[in-house]
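Working notes for the structure below.
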Amino acid sequence: MKFEGQILEIIKRTHDAKSFRFPRPEGFDYKPGQYILVSLTVEGSVVTKPLSLSSSPSEKDHIEFTKKLTGHPFSNVLDNMNIGDSAVISGPFGKMTFEGEHEKIVLLSGGIGITPMISICKYCTDMHLDANIVLIYSNRAENDLVFRKELDEMMHSNNNLKIVYTLTRASESWIGHRERISESIIINEVPDYRRRRFYICGPPEMVHSMEETLASMNIQKEMIKKELLTGY
Ligand SMILES: Cc1cc2nc3c(=O)[nH]c(=O)nc-3n(C[C@H](O)[C@H](O)[C@H](O)COP(=O)(O)OP(=O)(O)OC[C@H]3O[C@@H](n4cnc5c(N)ncnc54)[C@H](O)[C@@H]3O)c2cc1C
């Protein structure tokens, strides 16, 4: 489906991430974890970028994507947009989806790779699914954690959801992991990891490094779904 949408709401998530909400057109069906293509006019030409939906299909009135503000041209055009401005959207696309088809899963997310994961967590929480989810979310510092409040709230209302943060440049007061997602974090936080499917999303280097880690832990490729946020 392709449509022109007008921005309904803009939500500043962190110092360098903003969410953009659009009315959900009738008939726009998608699965948690999918992405859309967003076209904007950048310096006189139409530029199209893939962006994961950070909304959940359980949210009937709007769809949302969340963009890391990179200071580069496409990002700057978005950053300067206002409520009522329009963008051409097409989709949905992508196969890294989850609608409760596995009993237990692990979501490994790096940076803005949280966007499809929050869609999955929100969907499972809203739909009261029995699926057990452990989300391990890696970032640099506390103020880089996009959706921290939303994730913490979801964890409190959904007994089947555990969220583990890990920061590579945490402040001194941070109580939690202080390294990239590692074999030891997975073993300690997800003792039954051998019985789970894995979902990975983040920048390409992060996804490749996670694949290597899982391979060294003898997790078969068939147990892994991934989305690489290429284009940085
Ligand atoms: C399936 C999928 C889902 C994705 N989901 C998300 C998401 O949910 N959120 C998100 O933020 N991103 C997501 N991405 C990445 C996104 O599509 C963009 O590629 C990325 O955010 C970079 O956007 P930008 O605004 O910096 O783009 P651009 O402005 O096009 O810049 C991209 C890169 O081009 C180079 N560049 C461009 N112009 C200049 C210049 N003038 N000077 C120097 N270098 C320049 C830089 O290296 C820059 O990093 C996703 C990607 C994929 C494939």
Any hit, the stretch 81-102, residues being closer than 24 Å to R140 by Cα, open to solvent by less than 50 Å² (accessible area, probe 1.4 Å) and either touching a residue at least 40 places away in the same chain (Cβ under 8 Å) or in the same structural domain as F147 (by TED's automatic domain parsing) (or both): no
Could you grab me the full set of residues in the stretch 44-73 that are over 15 Å from R13 (Cβ atoms), touching a helix residue (DSSP H, G or I) at 6+ places or on another chain (Cβ under 8 Å) and near the ligand (Cβ under 9 Å from one of its atoms)? V47, K49
Whichever residue in the stretch 129-149 is part of a strand (DSSP E or B) and open to solvent by 10 Å² or more (accessible area, probe 1.4 Å) and, among such residues, is farthest from A17 (Cα to Cα): N132
Residue check for V77: within 7 Å of the ligand (Cβ to nearest atom), without any contact (Cβ under 8 Å) to a residue 60 or more places away in the chain and farther than 18 Å from Y30 by Cβ: no
Considering residues of the stretch 24-45 that are in contact (Cβ under 8 Å) with a residue 40 or more places away in the chain and in a strand (DSSP E or B) only, the residue nearest to N80 (Cα to Cα): L40
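Yes/no matrix, rows are residues, columns are (1) assigned by TED's automatic domain parsing to the domain that holds V146; (2) surrounded by fewer than 21 Cβ atoms within 10 Å (Cβ to Cβ); (3) of a type in the set (A, V, I, L, M); (4) out of contact with any Lys or Arg (no Cβ under 9 Å at 6 or more places or on another chain):
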position	(1), (2), (3), (4)
G27	no, yes, no, yes
G33	no, no, no, no
V46	no, yes, yes, yes
K49	no, yes, no, no
P57	no, no, no, no
P73	no, yes, no, yes
N76	no, yes, no, yes
Count - residues of the stretch 150-190 that are open to solvent by less than 90 Å² (accessible area, probe 1.4 Å), of a type in the set (V, I, T) and more than 17 Å from the chain's Cα centre (by Cα): 5
Where in the stretch 52-125 are there strands (runs of 3 or more DSSP E), lying wholly inside it, with at least 3 residues that are touching a Leu at 6+ places or on another chain (Cβ under 7 Å)? 62-68, 86-93
Determine, yes or no, whether E189 is over 26 Å from G100 (Cβ atoms) and in the same structural domain as I112 (by TED's automatic domain parsing). no
So Y193 passes all but one of these: (1) away from the ligand (no atom under 16 Å from the Cβ); (2) open to solvent by 30 Å² or more (accessible area, probe 1.4 Å). Which condition number does it fail? (2)
Six or more apart or on different chains, Cβ atoms under 7 Å: show the pairs whose first residue is in the stretch 187-214 and free of Cβ contacts under 8 Å to residues at least 40 places away in the same chain and whose second is loosely packed, with under 14 Cβ neighbours inside 10 Å. P204/T230; T213/E183
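The values are calculated or read from the model by the stated rules, or taken from the named source; none is laboratory data. Predicted model only: the values in this text are computed from it and were never measured. Cβ coordinates were reconstructed from backbone atoms using ideal geometry, including for glycine residues, and neighbour counts include every protein chain displayed. To get the accessible areas, we keep the full protein, side chains included, count just its heavy atoms, and leave off ligands, DNA and RNA. Shrake-Rupley method; radii C 1.70, N 1.55, O 1.52, S 1.80 Å.
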